[in-house]
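Below you'll find the structure, written out as structure tokens, and then a few comments.
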Amino acid sequence: MIQIKFNYEKALKFVSESEIHAFQNAVDQQFNTVKKGNGKGNDFLGWTNLPSSFKEGLINKIEKAAARFREKSEVSVVIGIGGSYLGARAVIEALSPHFNLLKKKLGNPVMLYAGNNISEDYLAELVQVLDEKDYTLTVISKSGTTTEPALAFRILREHMEAKYGKEESRNRIIAITDKEKGALKQLADEENYETFVVPDNVGGRYSVLTPVGLLPIAIAGFDIRKLLAGAAEMEKFAASSTKIDKNPIAAYAAVRNALYQKGKSTEIMVNYEPRLFYFTEWWKQLYGESEGKENKGIFPAGVSNTTDLHSMGQFIQEGSRIMFETVLSVENPAHILKVPTDKNNLDKLNYIAGKRIHEVNQMAELGTALAHVDGGVPNLKVSIPEINENTLGQLIYFYEMACAVSGYLLGINPFDQPGVEAYKRNMFALLGKPGFEEETASIRKKL
Ligand code: PA5
């Protein structure tokens, strides 16, 4: 059953139903472009049927590897960046208790992440933690050549081999990479690490439902079958209609493009549950890398409320009117906690005594949406009944398909990322990488 609801009532002050429905033909066409695979970037459409076509043998292999790692790990480190990192972290953080002490009680390894920055302090402190803990490493890189994860893996592999010896390290490292090419594949073959493949036809930011996301999620103790089942439900549903009135994917793609045409060039994903912070990060990458090209695109931002109402709230209420919000709303939390009565009532909170904390949070959400609409910020709402593997699976597919359709509506290729190479060329030139001699000479002149 589809658990996601999409509501755009609070955008109708800014864009009319007829302006939204004017996108219907284009939406039909772009769903068809994805389905037929005849649009830009059509080499990278493997994600569209991943949930329904996932092989039992591969799920078993992932679950077995995860069980092996769970036995060996107080800590399990996931090395990767961008699409080779954010999907796993988004799901793991959304499903995990907030506090490490509770995570330990559940018997799950503590998941740590590396290779997503080049901070010397971060890596040095990680090594200090790993000195004292039994740990395993999952290194993920589709290309096998990305600097950040390669650097982290070099340091952690050396640490691991010094701690456990080469032989045992082979049992504690899994590599997820291309099926045949790249430095990581070569190293994994030479060292005989267990490996999983990143499919050729799935780009990094669409890879959470491949071993890239599923292995770390399973190591963290979560049910990847339920995640895939949720995504498969959404896959089936997405194929059933392209109508804006029936399919929330079609509606979301149409409304955000209609708002973009009205000059709303920033979309803020808003959550009221701190465990969705990394889901927002995953969404930011998916939409930012997919749409931001050819001098076009909606800039994806994120806030975590009510925390950010005390910082970014000012800007959203009264700053430049270039934005709209999409709230990812959770109807039911996992726990029940009520506001106690206090006989002295010095904090003046007795008027809400007996209410659930969640009700207070919901009123903050509604009050904020109304205030922001009054302040000129259209408000969209994506709701799920609760956070679990099934709803997260549905959300992942919902946002992936909406991103593809939306990107095609914008006229760009939602599956490439030519712009991410620019900083790499400069960094390699500045570091004097062999093969970059000309760039090194020219960049030094600029300094
Ligand atoms: O979405 C993408 O393609 C990127 O974010 C990549 O996933 C990221 O740059 C990491 O690349 P790789 O897996 O090749 O190390």
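The values are calculated or read from the model by the stated rules, or taken from the named source; none is laboratory data. Every value quoted in this text rests on a predicted model; they were computed, and no experiment measured them. Every residue, glycine as well, gets a Cβ built from its backbone with ideal geometry; the counts of neighbours run over all protein chains shown. Keep in mind that these areas ignore ligands, DNA and RNA; they rest on the heavy atoms of the full protein, side chains included. Shrake-Rupley method; radii C 1.70, N 1.55, O 1.52, S 1.80 Å.
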Would you mind stating whether Val27 is modelled with pLDDT of 95 or more and in a helix (DSSP H, G or I)?
yes
Do we have any residue at all in the stretch 182-200 that's crowded, with 20+ Cβ neighbours inside 10 Å, farther than 28 Å from Gly57 by Cβ and more than 11 Å from the ligand (Cβ to nearest atom)?
no
Restricting attention to helices (runs of 4 or more DSSP H) lying wholly within the stretch 62-181, give those where 1 or more residues are under 27 Å from Gly288 (Cα atoms) and within 16 Å of the ligand (Cβ to nearest atom).
86-95, 147-164
Go through Gly213, Gly204, Gly221 for me and flag whichever is away from the ligand (no atom under 16 Å from the Cβ) and either open to solvent by less than 10 Å² (accessible area, probe 1.4 Å) or within 20 Å of the chain's Cα centre (by Cα) (or both).
Gly221
Looking only at the stretch 286-313, which residues are open to solvent by 20 Å² or more (accessible area, probe 1.4 Å), in contact with a helix residue (DSSP H, G or I) (Cβ under 7 Å, 6 or more places away or on another chain), within 27 Å of Gly203 (Cβ to Cβ) and assigned to a helix (DSSP H, G or I)?
Glu289
Within the stretch 79-102, of all residues that are in contact with a Pro (Cβ under 7 Å, 6 or more places away or on another chain) and within 20 Å of Ser304 (Cβ to Cβ), the one surrounded by the most Cβ atoms within 10 Å (Cβ to Cβ) is Ala88
Can you spot a residue in the stretch 351-362 that is loosely packed, with under 11 Cβ neighbours inside 10 Å, part of a helix (DSSP H, G or I) and not small (Gly, Ala, Ser)?
yes
Going by what's in this entry, would Pro51 be described as touching a Lys or Arg at 6+ places or on another chain (Cβ under 7 Å) and either open to solvent by 70 Å² or more (accessible area, probe 1.4 Å) or not assigned by TED's automatic domain parsing to the domain that holds Gly376 (or both)?
no
Criterion violated by Thr33 - all others in (1) farther than 29 Å from Ser329 by Cα; (2) not in a helix (DSSP H, G or I) satisfied
(2)
If you check every pair at least six apart or on different chains, which have Cβ atoms under 9 Å apart with a residue in the stretch 204-215 that is within 13 Å of Ala175 (Cα to Cα) and of a type in the set (Val, Ile, Thr) first and a residue that is more than 8 Å from the ligand (Cβ to nearest atom) and not in a helix (DSSP H, G or I) second?
Val212/Ile176; Val212/Phe196; Val212/Val202
Which numbered condition Thr33 fails, given (1) touching a Gly at 6+ places or on another chain (Cβ under 7 Å); (2) open to solvent by 60 Å² or more (accessible area, probe 1.4 Å); (3) of a type outside the set (A, V, I, L, M):
(2)
